[in-house]
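Trainee: Here you go, one structure.
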């Protein structure tokens, strides 16, 4: 299957691989300098021409590989060039001071706990000399009030604020939020308080997506009118039109623990199921020997209609593009789906947007399809079922097994949780999801027959109840989920190497490859040993996190043992995105949150002051130490000033002898600048977490 001659049968795989390498290189060095990217592009293009020229001169058949090498370098340059182009399109140098911006809402706002998130298209900003064009996408966080909650798609705003390019908080091993936004084409973010923005109009012209969202609202209104209860409506809306706003925390957790949370996010899974259902239905209606071209065109049209009524969300559009290309390529080749067809679909989509490569939905969709192509025939050959009806059931089970095996490494890497019973739970779940998709479409189509529509609504209600019951039942099984799994990119690579070895097993002429791959095992073991040594905590340390939501100091002792001193002891969940990656990477158990008074060997805390291996930290979150007096001021190594303290540094000097002032990210911009200026005036060393990110002190 993977010999050089047979690899020649998959030309799109041969150009997809260098394209992915070029995209990866461009992303890897995106933060270094533009010169590196352009140099790489130039080098690849130059090498490509050199190899092609040499092959032209040495026209011998033995040198045919030179053309392949030249093409390889060329598509590496294409990949890197695409990254450079997309980064240039999303990059913008925002003004350092506040400006008046003019923007249009691109989507309906999303209400958060303390703000309303609006995705806007900033047209320009206003100056006395005239308007300056911007034309970039921005995430705008408006203060949550009655006015911001009433906004809708197409509203025109004028707001006064400071827009900043996406940036991370600088916590070790944190989620790359800046990269995530950059991949989505977002150029900036801003928080706008109440009174600093104004609704100035409404653009009544609707984009295609806005029109699609309006049709989705009509479908949701039909669902509500058919009498589904709260959880049934929420799950049905999520499964069929991608509306997840009304999913309760309990339902989300049930599906997550059961390993079925992927069915709540409308994506490639649903499009794949719909495509298979359409293939079966069209074969039944038009006949098995009907024109494949007709069935393919009808399938593609229905898939795009489904994408439209579900709101044209990026994940659905991406999945529909993939399956449309697969179906159309299948029509041209008149063969079943092959690796070359999948490679063609991936190649076209990455040419359109190279950052699809870093989208988890894109990765899962393609890995799932590839797993079916490579592993399903082998599994069905190993376990043959003669009975016609049992064979259909076994095919569904087999597809579920190979897809879950193929996608498991990506799931563990991105979610760090392993649902123990997911393999078993997904068999009935996928069957129910298929039926729900089918009957929901039929129910909406026969709206002109209200009696029959109500009967189908009752049937759908029963199916959704069964789905919710299964996930809830699995959730409450003992040991249903393993949390906090430290799974790295190298682990993903190792898993797929093992799967590749499995593919080679039994193929003629692959023993040498198997031996070579087996020889890699010592090197993999050595890498793991070095990685373990480098990531093990060797010395105690104190880490001040950049977390404006909850000021926190982390005292790391070693051997997985550590302690947290927090401004709010009940807010540990707010540290999730800031700390979980670091804890897993350093193999640190969930830290103990210290109460007001606490003492153990090498660590103690009392009244906001902590001692750790001879170092003292004082967290100041209110004015209780302000203007206090002491005959013998206490030596404080790190004075940690947080939101809530309204005084000045000099007002703490009568009670503390301060070595270093740590300024928390929760301080307002005005307070931060004021305290930095005062520290410089007093000759005190200071560290600003808002400016520099998390700060770690090794002891």
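The values are calculated or read from the model by the stated rules, or taken from the named source; none is laboratory data. Remember, it's a predicted structure, so these values are computed and weren't measured experimentally. Note: ideal-geometry Cβ built from the backbone for every residue, glycine included; neighbour counts use all protein chains shown.
Trainee: Exactly one of these conditions fails for residue 173: (1) within 24 Å of residue 666 (Cα to Cα); (2) out of contact with any helix residue (DSSP H, G or I) (no Cβ under 7 Å at 6 or more places or on another chain); (3) surrounded by fewer than 16 Cβ atoms within 10 Å (Cβ to Cβ). Give me its number.
Mentor: Checking residue 173 against (1) within 24 Å of residue 666 (Cα to Cα); (2) out of contact with any helix residue (DSSP H, G or I) (no Cβ under 7 Å at 6 or more places or on another chain); (3) surrounded by fewer than 16 Cβ atoms within 10 Å (Cβ to Cβ), the one that fails is (2).
Trainee: Still on this model: Confirm whether residue 444 is modelled with pLDDT of 85 or more and either in a helix (DSSP H, G or I) or in contact with a strand residue (DSSP E or B) (Cβ under 8 Å, 6 or more places away or on another chain) (or both).
Mentor: no
Trainee: So, one more: Free of Cβ contacts under 8 Å to residues at least 12 places away in the same chain and closer than 19 Å to residue 210 by Cα - does that describe any residue in the range 126-141?
Mentor: Checked against the condition, which is being free of Cβ contacts under 8 Å to residues at least 12 places away in the same chain and closer than 19 Å to residue 210 by Cα, the range 126-141 yields no hits at all.
Trainee: Look through the range 239-252, keep the residues that are in a helix (DSSP H, G or I) and in contact (Cβ under 8 Å) with a residue 40 or more places away in the chain, and return whichever of them is farthest from residue 470 (Cα to Cα).
Mentor: So the residue we want is 241.
Trainee: Something else: Of the residues 78, 100, 83, 120, only one is assigned to a strand (DSSP E or B), on the phi < 0 side of the Ramachandran plot and surrounded by 18 or more Cβ atoms within 10 Å (Cβ to Cβ); which?
Mentor: Only one candidate qualifies: 120.
Trainee: May I pose another question? Within the range 168-184, does at least one residue satisfy the condition of being touching a strand residue (DSSP E or B) at 6+ places or on another chain (Cβ under 6 Å) and not assigned by TED's automatic domain parsing to the domain that holds residue 574?
Mentor: No: zero hits.
Trainee: Pull up the range 576-603, narrow it to residues that are crowded, with 16+ Cβ neighbours inside 10 Å and over 23 Å from the mean Cα position of the chain (by Cα), then point me to the one that is modelled with the highest pLDDT.
Mentor: Here the answer is 603.
Trainee: Run residue 272 past the list (1) closer than 23 Å to residue 399 by Cα; (2) surrounded by 16 or more Cβ atoms within 10 Å (Cβ to Cβ); (3) free of Cβ contacts under 8 Å to residues at least 24 places away in the same chain and report the number of the one that doesn't hold.
Mentor: (3)
Trainee: Considering only residues that are in contact with a strand residue (DSSP E or B) (Cβ under 8 Å, 6 or more places away or on another chain) and either surrounded by fewer than 16 Cβ atoms within 10 Å (Cβ to Cβ) or within 18 Å of residue 152 (Cβ to Cβ) (or both), which ones fall in the range 125-136?
Mentor: If the condition is that a residue be in contact with a strand residue (DSSP E or B) (Cβ under 8 Å, 6 or more places away or on another chain) and either surrounded by fewer than 16 Cβ atoms within 10 Å (Cβ to Cβ) or within 18 Å of residue 152 (Cβ to Cβ) (or both), then 126, 127, 131, 132, 133, 135 are the ones that fit.
Trainee: Something else now. From the set of residues in the range 152-164 that are assigned to a loop (DSSP other than H, G, I, E, B) and modelled with pLDDT under 90, which is farthest from residue 583 (Cα to Cα)?
Mentor: Among residues in the range 152-164 that are assigned to a loop (DSSP other than H, G, I, E, B) and modelled with pLDDT under 90, the one farthest from residue 583 (Cα to Cα) is 154.
Trainee: Now for a different question. If we scan the range 619-642, do we find a residue that is at negative phi, free of Cβ contacts under 8 Å to residues at least 24 places away in the same chain and surrounded by 20 or more Cβ atoms within 10 Å (Cβ to Cβ)?
Mentor: yes
Trainee: Out of the range 553-586, which residues are free of Cβ contacts under 8 Å to residues at least 24 places away in the same chain and either assigned to a strand (DSSP E or B) or farther than 13 Å from residue 174 by Cβ (or both)?
Mentor: Passing the criteria: 558, 559, 568, 570, 571, 572, 573.
Condition check ((1) touching a strand residue (DSSP E or B) at 6+ places or on another chain (Cβ under 9 Å); (2) farther than 30 Å from residue 486 by Cα; (3) touching a residue at least 60 places away in the same chain (Cβ under 8 Å)) across all residues:
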{"position": "187", "(1), (2), (3)": "yes, yes, yes"}
{"position": "202", "(1), (2), (3)": "yes, yes, no"}
{"position": "217", "(1), (2), (3)": "no, yes, no"}
{"position": "221", "(1), (2), (3)": "no, yes, no"}
{"position": "224", "(1), (2), (3)": "no, yes, no"}
{"position": "237", "(1), (2), (3)": "no, yes, no"}
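Trainee: A follow-up question, please. When you scan the range 182-192, do you find a residue that is more than 26 Å from residue 275 (Cβ to Cβ) and over 22 Å from the mean Cα position of the chain (by Cα), even just one?
Mentor: Yes, some residue in the range 182-192 is more than 26 Å from residue 275 (Cβ to Cβ) and over 22 Å from the mean Cα position of the chain (by Cα).
Trainee: Can you name the residue in the range 147-170 that is free of Cβ contacts under 8 Å to residues at least 40 places away in the same chain and under 27 Å from residue 355 (Cβ atoms) and is also surrounded by the most Cβ atoms within 10 Å (Cβ to Cβ) among such residues?
Mentor: For the range 147-170, the residue satisfying everything is 166.
Trainee: Sort out which residues of the range 447-490 are in a helix (DSSP H, G or I) and touching a strand residue (DSSP E or B) at 6+ places or on another chain (Cβ under 9 Å), and write them in order of number.
Mentor: Within the range 447-490, 474, 475 meet the criteria.
Trainee: What number goes with the only condition from (1) touching a helix residue (DSSP H, G or I) at 6+ places or on another chain (Cβ under 8 Å); (2) modelled with pLDDT of 65 or more that residue 91 does not pass?
Mentor: (1)
Trainee: Please determine whether any residue of the range 676-695 is buried (at least 18 other Cβ atoms within 10 Å of the Cβ), closer than 30 Å to residue 558 by Cβ and either free of Cβ contacts under 8 Å to residues at least 24 places away in the same chain or over 40 Å from the mean Cα position of the chain (by Cα) (or both).
Mentor: Within the range 676-695, none of the residues are buried (at least 18 other Cβ atoms within 10 Å of the Cβ), closer than 30 Å to residue 558 by Cβ and either free of Cβ contacts under 8 Å to residues at least 24 places away in the same chain or over 40 Å from the mean Cα position of the chain (by Cα) (or both).
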